Amino acid sequence: MRFIGLVLTALLLLLLVLFAISNSAAVALQLWPLDLAWEVPLAGAVLGAAAIAFLLGALVAWGGALRYRRRAWKMQRAAQLLEAELAELRAQQDAARKAAVPAGTAVATR
């Protein structure tokens with residue numbers, strides 16, 4: 001499985017390099033209210049926009065999963081508390097069994 005992942009990653013990197021080599025023409029990027037312009041290769045602009053979109057998507061996915069991670073942490077903490085309570089109750093039960101009078105033993109009343 002790891003080998004397949006490495007092969008797919010290598011193919012993706014090869015495609016990105018070929019894209020960058022094929023699209024080296026300069027384009028002007030402008031930011032409207034500031035009247036700034038940058039001359040960058042077309043591949044740099046496209047790959048930069050894709051990287052920013054990827055990071056924003058990862059941030060949104062991470063934020064969406066935060067609720068489930070918090071819930072899992074609370075459930076794990078509750079399970080730990082219940083396990084500790086169970087261990088305490090078992091210890092009390094064992095102590096009560098040891099202190100109990102055996103069933104066949106006669107008890108003198110006078």
Residues in the stretch 1-39 that are surrounded by 10 or more Cβ atoms within 10 Å (Cβ to Cβ), small (Gly, Ala, Ser) and within 18 Å of Ala50 (Cβ to Cβ) total 3
(1) surrounded by 10 or more Cβ atoms within 10 Å (Cβ to Cβ); (2) at pLDDT 90 or above: which one isn't true of Gly63, the others all being true? (1)
Does Ala91 satisfy being among the small types (Gly, Ala, Ser), at pLDDT 85 or above and in contact with a Ser or Thr (Cβ under 7 Å, 6 or more places away or on another chain)? no
Cross-chain or 6+ apart pairs with Cβ under 6 Å, the stretch 1-27 first and more than 20 Å from Val46 (Cα to Cα), then loosely packed, with under 10 Cβ neighbours inside 10 Å: none
List every residue pair whose Cβ atoms sit under 8 Å apart, with the two residues 6 or more apart in sequence or on different chains, where the first one lies in the stretch 47-74 and is closer than 27 Å to Ser24 by Cβ and the second, anywhere, is surrounded by 10 or more Cβ atoms within 10 Å (Cβ to Cβ). Leu47/Leu16; Leu47/Phe19; Leu47/Ala20; Gly48/Val40
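The values are calculated or read from the model by the stated rules, or taken from the named source; none is laboratory data. Source: prediction; values computed, not measured. When we count neighbours, we look across all protein chains shown, and the Cβ atoms used for this are built from the backbone with ideal geometry, even at glycine.
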